[in-house]
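A.B. asks: Questions regarding the structure given below will be posed in turn.
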Amino acid sequence: MRYLPISDADRQRMLAKIGVASVDDLFNHIPAAVRLKKPLDLPHHQGEMEVERHMTALAAKNIGATKASMFLGAGAYNHHIPAAVDHLIQRGEFLTSYTPYQPELAQGTLQYLFEFQTQVAMITGMEVANASMYDGSTAAAEAVMMANRITKRQEVIVSSLVHPHYLAVIETHARFGGFKVASEPMVIGREEKLTKMIHDQISCVVVQTPDFFGNLHDFTELAKACQEKGALLIVIVTEIISLGLLKSPGEMGADIVVAEGQSLGNALSFGGPYVGLFATREKYIRQMPGRLAGQTTDADGKRGWVLTLSTREQHIRREKATSNICTNSGLCALAFTIHLSLLGEVGFRRLAETNHARASLLASEIGKIRGVSIINKTFFNEFTVVLPKSAKITVDRLASYGIMGGIPMTRFYGRQLELSHVLLICATEMNTENEIESFAKVLRKVLND
Amino acid sequence: MTNITKKTSPTISGNQGLKLEEQLIFEQDNPGISGVDFPAVDLSKNHLGGLLSNRRIGLPGLSEPQIMRHYTRLSQKNYAIDAGIFPLGSCTMKHNPRLNEKMARLPGLGDIHPFQPFETIQGALTVIYQLADWLRQLTGMAAVAMPPAAGAHGELCGMMAIRAALDHRGEKRPRVLVPESAHGTNPATAAACGFQVDPIPANAKGTIDLAAFQAKLAPDVAAIMITNPNTCGLFETEIVQIAKDIHKIGGYLYCDGANFNAIVGRVRPGDLGIDCMHINLHKTFSTPHGGGGPGSGPVVLAQSLASFAPVPYIELRAGQYQLVENAKGTNSLGRLKAFHGQMGMFIRALTYILSHGADGLWQVSGDAVLNANYIRACLEKTMSPAFSGTCMHEALFSDNFLADTGVTTLDFAKALIDEGFHPMTVYFPLVVHGAMLVEPTETESLASLDQFIASMEGLAQIAKKQESLDSFKNAPIFTPRRRLDETTAARNPILKWSDQQKTAKSDAT
Amino acid sequence: MSKTTYFTSEHEWIVVEKDIGIVGITDYAQKQLGDVVFVELPALGKKVIKGKDMAVVESVKAASEVYAPVSGEVLAVNQDLVNQPATVNEDATGKGWFVSLRLSNPKELVGLMDLKTYQNFVKGLS
């Protein structure tokens, strides 16, 4: 078997050294009743060719962004990844390396994590960031638990405009972690009055911009209202490219910013693996979950990096740890940081501008279709429309034309009647102007049929 | 700030042959330069609600050639499985097959959006379903929860399922029993689910003290968390009895599956009586460690816990695979993560499993255990195995063999670095003094094992001679950086670059 | 005024004068910990209970609880330790003090060790 280098001759030598007759003897101390006598009755090993055939056949049953026009968002975005990114992350020294617990053997990893932390702090407008979390939604839950620890309060407010999956994750943690979530049910088009809900037992208020429906918000006033009551403001960003163009959550006064970093460097990949960004104020670093790369010097006085403030983490604090997290999202963080390095100040800005321009064109084209109305007053690259027909049926019909034309709101909020015609649509730099015009044409046809 | 100092560099550039120094990207900023080409856009008419910003973010500008060079140089400072043996205990640093990488990037797999209509992603759901099916059969369990993003996340899933089951019964059981040798994520997870952790000692053989465990059983015990084989590399031979005992008082058995590589294909944890177990796809099933992640931690569940599984999960309805995404009105513990799970890792793990098959996996656990025992047998005279007898997939040594030499486990590990090897796990598990936990995995050749053993043996001999204490204390000397000052890093944390930052103490030029 | 020093089996010392006690960790403890990188001190006015958590002392590789040797109320904490945690290593029994307490139950001092007993206790550990 091509991945297993031990031969029968090797085995004989090794068994002689160990002093047992066979490999099976090394398993004899396991109770016989639970020890299998031979391999399970499942398929045998296969060569590369056969496995490739199997997986290729499964891939062929899916229509991805390579074949279809993709206009889907809702927390996962179709962006162009420069060719250099995938080449670099596939270098064996990155792909097959480990957590940098022995820093002398991992200065490469530690340096890119330090650069990643710096980039995340810069784009969010915050003072300090960690070396990544699993994804945006788990980062949001961790942020809430951090706020609870800092304020010693057990009740949190979550805006109804936050990604419903993110809200659900926070609610799961609340249920088992013993804290309360105050959240109004989502009512489309209703303006939220969060400030009124804050009292002095609230640990944090969780909001999102652009919100799940694409609207943009300035949380400066909300930040002040939180501060007055001693609560923390947590801002979620699911489309990180928006930070190339908009006022940052840090500038608004956020205490913690969590984000989904997938838009940079990481393929759609059906929802994972992604990369969670986590940034906060310097005064909170000891309460921050996750790994941290810190700068230091070596025995020769040369600059280098190490994992630091580990005493917050599970392998030392055990049940008193700030979080149980062990693995981060290393390779996805590397892809993120390489992509952002390639973009630089100018490229990041231009990418964001292009996204907004394409979405604006799409909104303008779709807005011309009779019976279609766009709910948003503001948006970055994603907005919500009301169709004259069922959104789900429309989307299914668009799929038959090779267009992934949006996500029906009922996918997230159940079969609520007032949502059945509501659709979430996104356009990025990957959608050409021709593609956008085609989409509008086909949508008009489908709606008029 | 520069990396090098005049005092210590034997060359002008500070480089030494192929050991190339590399600045931070922020120190190489060339304003206006970019590694991508985008045309300028006129946004005078926009829908940004006045939130258009003109602030300078501070990102450095570099071209593609500079970026390739920067990250290539960084990569050269990393040790990796591709470069050599990586014998970290309980990490299962096995070879990462490249076919896995190719399959994850196939059009139709890498480029699909999580919210496409189900008809357009049947192949993707089939991948998840097939992997789940293999995991169910390999473990002999009733159901699998695929969403958890990593091992610790899987632990959270398992313990939350147990809490959900107890809540459903209307029972309050605040205590969870955890062996002292357990990985730190176990007690951290239990605490995160609102449980109190009660530690159980090990016996002289290194396994759970059955009497001590039984003495702690009471109606307020929710569960016991066991790692099997345990972190000492030993099979918990009493596990079937432990399962019976905990079930008798109405509790659950959570199994930490980090060490599944020792028994995969040969023992089904379901036959042992466990109620749930997380599997680390990035350990047993070869998905790459990537410098610390991403991982994937699906959780297999017994029938007693199946209905509490998190959303989403896959159902077959009218010949079509669908995702059930809404937990409302069900027993489900809820959602643990946005979207559906670590699909990229599912593709890789399924590719690995299909490549090995049942016969290949039988050989995987056999060779993993063989390799660890070979190392143990070769070193048992010179070093000090923590427990007598054979081990499973990892060999545990204490620092007894270094007694009176002045060399600590840490020094020994750093000396191993100069020999060209990544050290084994050190100071874990906590129950053994100066622990050294060696897990070679099945993908190391005999030649590779012999080279590693020769260095371990040699270093142990040198330490015992007590003539070269300095060389141990100063190690490593051949790596791009020598021992780093972790104390200052913790006392004065510098966690990002800034243009006004006071640099760490250095004899700067 | 007479000052008496007592020791606990968790390696805390307490210097008591009337009903005020100053608490720190012993030199043996600081050696075991290694370089101290951070100290977490309780809030002023906090009521502490004998044998329960009072403060945390962190080194690079470990975080250890400092327990209250006796019950009482926190009167003062050593703010210097926040900026200069190394003081705990340099002068554990003097400048490296952690907390000053107003004892609520001086009877709890009975049973704590004196210097000689503590020194023998430490000898027995190695």
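A.B. asks: Do you know which residues across region B:224-249 are surrounded by fewer than 18 Cβ atoms within 10 Å (Cβ to Cβ) and not in a loop (DSSP other than H, G, I, E, B)?
C.D. replies: Scanning region B:224-249 gives B:VAL240, B:GLN241, B:LYS244, B:HIS247, B:LYS248.
A.B. asks: List the residue pairs whose Cβ atoms are under 6 Å apart, where the first residue sits in region C:21-47 and is touching a residue at least 60 places away in the same chain (Cβ under 8 Å), the second is among the hydroxyl-bearing types (Ser, Thr, Tyr) and not in a loop (DSSP other than H, G, I, E, B), and the two are 6 or more positions apart or on different chains.
C.D. replies: C:ILE22/C:SER100
To keep it simple, each residue is scored yes or no on (1) surrounded by fewer than 22 Cβ atoms within 10 Å (Cβ to Cβ); (2) under 25 Å from the mean Cα position of the chain (by Cα); (3) closer than 14 Å to B:LEU88 by Cβ; (4) assigned by TED's automatic domain parsing to the domain that holds B:ALA386.
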position	(1), (2), (3), (4)
B:ALA403	yes, no, no, yes
B:THR408	yes, no, no, yes
B:LEU416	no, yes, yes, yes
B:THR425	yes, yes, yes, yes
B:GLY434	yes, yes, no, yes
B:SER445	yes, yes, no, yes
B:GLY458	yes, no, no, yes
B:ILE462	yes, no, no, yes
B:GLU467	yes, no, no, yes
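A.B. asks: So A:GLY73 clears everything in (1) more than 7 Å from every other protein chain (Cβ to nearest Cβ); (2) surrounded by fewer than 24 Cβ atoms within 10 Å (Cβ to Cβ) except one condition, right? Which one?
C.D. replies: All conditions are met except number (2).
A.B. asks: Among the numbered criteria (1) without any contact (Cβ under 8 Å) to a residue 60 or more places away in the chain; (2) within 8 Å of chain B (Cβ to nearest Cβ); (3) closer than 19 Å to B:ALA188 by Cβ, which one does A:GLU171 miss?
C.D. replies: Result: A:GLU171 fails condition (3) only.
A.B. asks: Related question: Pick from B:VAL311, B:VAL264, B:VAL299: which is farther than 29 Å from B:VAL364 by Cα and touching a residue at least 12 places away in the same chain (Cβ under 8 Å)?
C.D. replies: Working: B:VAL264 fails: farther than 29 Å from B:VAL364 by Cα; B:VAL299 fails: farther than 29 Å from B:VAL364 by Cα.
Checking each option against the conditions leaves just B:VAL311.
A.B. asks: Hey, another quick one. Is it true that B:PHE421 is within 28 Å of A:ASP10 (Cα to Cα), at pLDDT 95 or above, among the aromatic types (Phe, Trp, Tyr) and in a loop (DSSP other than H, G, I, E, B)?
C.D. replies: Working: within 28 Å of A:ASP10 (Cα to Cα): yes; at pLDDT 95 or above: yes; among the aromatic types (Phe, Trp, Tyr): yes; in a loop (DSSP other than H, G, I, E, B): yes.
Yes, satisfied.
A.B. asks: OK, next. How many residues does region A:177-206 contain that are out of contact with any helix residue (DSSP H, G or I) (no Cβ under 9 Å at 6 or more places or on another chain) and of a type in the set (A, V, I, L, M)?
C.D. replies: Result for region A:177-206: 1.
A.B. asks: Follow-up. Any residue in region B:407-429 that's at positive phi: show its pairings with residues that are surrounded by fewer than 23 Cβ atoms within 10 Å (Cβ to Cβ) and part of a loop (DSSP other than H, G, I, E, B) at Cβ separation under 8 Å, as long as the two are six or more apart or on different chains.
C.D. replies: B:GLY420/B:GLY84; B:TYR427/B:GLY434; B:TYR427/C:LYS61
A.B. asks: Anything in region C:29-63 that is touching a helix residue (DSSP H, G or I) at 6+ places or on another chain (Cβ under 9 Å), of a type in the set (A, V, I, L, M, F, W, C) and over 19 Å from C:GLY94 (Cβ atoms)? List them, or say none.
C.D. replies: C:VAL37, C:PHE38, C:VAL56, C:VAL60, C:ALA62, C:ALA63
A.B. asks: Return the total of residues in region A:424-449 being over 17 Å from A:GLY402 (Cβ atoms) and either touching a His at 6+ places or on another chain (Cβ under 9 Å) or aliphatic (A, V, I, L, M) (or both).
C.D. replies: 4
A.B. asks: Would you be able to tell me the number of residues in region A:416-435 that are in a helix (DSSP H, G or I) and buried (at least 22 other Cβ atoms within 10 Å of the Cβ)? Lay out the reasoning, then the answer.
C.D. replies: Going through region A:416-435, the residues in a helix (DSSP H, G or I) turn out to be A:417-419, A:433-435.
Cutting the leftovers down to buried (at least 22 other Cβ atoms within 10 Å of the Cβ) gives us none.
Matching residues across region A:416-435 total 0.
A.B. asks: Let me ask something additional. For region A:98-110, give me each residue that is under 11 Å from A:LEU334 (Cβ atoms) and more than 21 Å from the chain's Cα centre (by Cα). Break it down stepwise before answering.
C.D. replies: So the first thing to find is which residues in region A:98-110 are under 11 Å from A:LEU334 (Cβ atoms), and the list is A:108-109.
Hit for region A:98-110 is A:GLY108, nothing else.
A.B. asks: Can you name every residue in region A:233-246 that is without any contact (Cβ under 8 Å) to a residue 60 or more places away in the chain and either more than 22 Å from B:LYS337 (Cβ to Cβ) or in a helix (DSSP H, G or I) (or both)?
C.D. replies: Step one: list which residues in region A:233-246 are without any contact (Cβ under 8 Å) to a residue 60 or more places away in the chain, which gives A:233, A:235.
Scanning region A:233-246 gives a single hit, A:LEU233.
A.B. asks: Follow-up. Mind telling me which of the residues B:GLU419, B:GLU380, B:GLU394 ends up being out of contact with any His (no Cβ under 9 Å at 6 or more places or on another chain), under 24 Å from B:ILE200 (Cα atoms) and charged (D, E, K, R)? Before the answer, list the steps.
C.D. replies: Details: B:GLU419 fails: under 24 Å from B:ILE200 (Cα atoms); B:GLU380 fails: under 24 Å from B:ILE200 (Cα atoms).
After applying the criteria, what remains is B:GLU394.
A.B. asks: If I ask for residues that are more than 28 Å from A:VAL144 (Cβ to Cβ) and assigned to a helix (DSSP H, G or I), which ones from region B:189-223 would you list?
C.D. replies: Hits for region B:189-223 are B:LEU210, B:ALA211, B:ALA212, B:PHE213, B:GLN214, B:ALA215, B:LYS216.
The values are calculated or read from the model by the stated rules, or taken from the named source; none is laboratory data. Treat the numbers as computed from the prediction; the structure is a model and nothing was measured. Every residue, glycine as well, gets a Cβ built from its backbone with ideal geometry; the counts of neighbours run over all protein chains shown.
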